[in-house]
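Novice: The structure follows.
Just so it is clear, none of the values below were taken in a lab; they were calculated from the coordinates. Since the model is a prediction, treat every value here as computed from it, not as a measurement. Using ideal geometry, Cβ is built from the backbone for each residue, glycine included, and neighbour counts are taken over all protein chains shown.
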Amino acid sequence: MSREQLLREVTRKYEDAYRKRTPKSRATMEAARKFMPGGDTRSSIWFEPYPIWIDKAEGCRFSDVDGNEYIDFHNCYTTMILGHANPRVVAAVREQAAKGTALGALIPTVVRWAELVCNFAKSVDQVRFTNSGTEAVMMALRVARAFTGKDMILKTDGCYHGSYDPVVYPSDSPGISRSAQGDAIIVPYNDKEAAERAIVENRDKLAAVIVEGAMGAAGMIPPRDGYLQFLRKVTAENGVLFILDEVISLRLAVGGTASIFGIKPDLVTMAKIIGGGYPVGAVGGREEIMRLFAPEAQAVVHSGTLNANPITATAGVATMEQLDAAAIDHINKLGESFADGVRAVFKRLNIKGQVTGIGSLQNIHFSDKPVVDGKSAREANKDLLHLFYLAMQERGCFSAARGLYVMSTPMTQREIDTAVSAVEDALAELKPTIEELWPELIG
């Protein structure tokens, strides 16, 4: 049997086991195909043979429509920092829903929400609310261009900044115009020399450099050797704004990665945790830049029917009031415990796997080379990751298909120990396949 045939056979085995456990999810998927292309409306949650459909969730667990129960290490791509159905958030939303859900003016709660977000982010003077991280990035780039009078953007290969065309990843995706591709310069992540050269050579054209606090979609790859501090220095020296995308990484510390690495960006984009599980985004930054959004400035236009809507604002306040240094420290310790446990499993089983990340966000990779940037992350073994992903679901642990494991405050060491045990059991089962198909990952 050839290597390709063996891979197809073992993949079929795991996918068939998944189908057997999830017939209602499959039926729901087939029904959805009539009204949504491929039965999908959210590319990031798709995996083969089809994604699960969820029935209910509470705390750090959920059940799918087939009644299978899981520990949720996905947490809606880092959003649900307090877990699901947090009592304070639920109560606040119920009360506000009875008063109005979408109104033609703001409610006073928005002021408190803005204060909480600014105080948590620390590096921003003022904030402007949107309905997604994508929109936050879009407005950050718009105000950066307005402030500097320049058009081009520098981004790093593999960093994810949502669906706005000039910074979408991959940049050559179908439907992205050549003009949008031409608006951005792309350099490797964690490569100081390449970044400095591009910034200096294009300083008269560059409005801003945008970078994630830690690479999220590429696999939770942290900045190395003072990379973010270096970018802050070089951008300041060359009259280029520095935008820190904290949509995912804000949860890693009070102050986000800006606090961890001791930098003050010109602009910060946020989403996920600040909305309590409702659609949200925000751009914040220096007052002299943010004032361009002010109505009296008549400069940068930013409208949105549901910007700072009552439900999101209320859920945001109820969430942010529960986030303090102790809560962040709790989930960060759980994340580090998970990473240490998985690394120990790799060592015991003699498998060449890696765990990258910071605190409450950890990502598993199967590679015999260090995963340090977008290129090395793309080169990691995705076929094995898919088998591992399905094996972990079978053991009641749900994560992002790309190997991302996200901690939430309802979790305890018990959930971490359960997950690490599941990792060991899954990899022990997969090891004969790894030995036959990918011997380079043994040793």
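Novice: Once the other residues with Cβ under 15 Å from the Cβ of residue 409 are scored (Lys, Arg +1; Asp, Glu -1), what is the net sum?
Specialist: That works out to 0.
Novice: Here is a further query. Leaving out same-chain residues fewer than 8 places away, which lysines sit with a Cα under 19 Å from that of residue 56?
Specialist: Within the straight-line limit of under 19 Å, residue 56 reaches these lysines: 24.
Novice: Normalised by the empirical 2.2 N^0.38 Å for globular proteins, what value does the Cα Rg of the chain take? The partial results should precede the final answer.
Specialist: Details: Rg = 22.1 Å, N = 443, 2.2 N^0.38 = 22.3 Å.
Against the empirical 2.2 N^0.38 Å value, I get 0.99 for the chain.
Novice: Build a GNM of the chain with springs between Cα atoms under 10 Å: which of 298, 181, 393 gets the top mean-square fluctuation?
Specialist: 298
Novice: Can I ask one more? Quick one: Cα centre-to-centre distance for the stretch 356-379 and the stretch 1-35, in angstrom?
Specialist: After rounding, the separation between the Cα centres reads 27 Å.
Novice: For the chain, what relative contact order do you get, as a whole percent, if you take Cα pairs closer than 8 Å and at least 6 residues apart?
Specialist: Reported as a whole number, the value is 21 percent.
Novice: Here's another thing I want to ask about it. Provide the per-residue ³J(HN,Hα) series for the stretch 189-205, in order, calculated from phi with Karplus coefficients 6.51, -1.76, 1.60 and θ = phi - 60°, each as a whole number of Hz, with x at glycine and proline positions.
Specialist: Going residue by residue, I get 6, 6, 10, 5, 4, 5, 5, 4, 4, 5, 5, 5, 5, 10, 4, 7, 10 Hz, with x marking Gly and Pro.
Novice: With the cut-off at 1.5 for a/c, could you classify the stretch 345-432 from its C-alpha gyration tensor as rounded, prolate or oblate?
Specialist: Judged from the Cα gyration tensor, the stretch 345-432 comes out oblate (a/c at least 1.5, b/c at or above a/b).
Novice: Of all the Cα-Cα pairs you can form in the stretch 87-320, what percent are over 29 Å apart?
Specialist: Everything past 29 Å amounts to 25 percent.
Novice: Around residue 57, what is the net charge, scoring Lys/Arg as +1 and Asp/Glu as -1 over all other residues with Cβ under 11 Å from its Cβ? Intermediate results must be reported in sequence, preceding the final value.
Specialist: Working: positive: 56, 61; negative: 55, 58, 64, 69, 72.
In short, -3.
Novice: Counting helices only, and only those DSSP H runs with n ≥ 4, report the 222 nm mean residue ellipticity of the chain as the sum of -39,500 (n - 2.57) divided by its residues, in deg cm²/dmol to the nearest 500.
Specialist: Calculated from helices alone, the mean residue ellipticity at 222 nm is -13000 deg cm²/dmol.
Novice: Can you tell me how the stretch 1-66 classifies by the Cα gyration tensor, rounded, prolate or oblate, using a/c under 1.5 as the rounded cut?
Specialist: Taking the square roots of the gyration eigenvalues as a ≥ b ≥ c, the stretch 1-66 is prolate.
Novice: Okay, moving on. Let me confirm the definition first: pairs of Lys residues in the stretch 87-320, 8 or more apart or on different chains, C-alpha distance under 13 Å. How many are there?
Specialist: 5
Novice: Next question. Which angle between 0 and 90 degrees, to the nearest 10, do you get for helix 87-97 versus the longest principal axis of the chain when only C-alpha atoms count?
Specialist: It is inclined by approximately 50 degrees.
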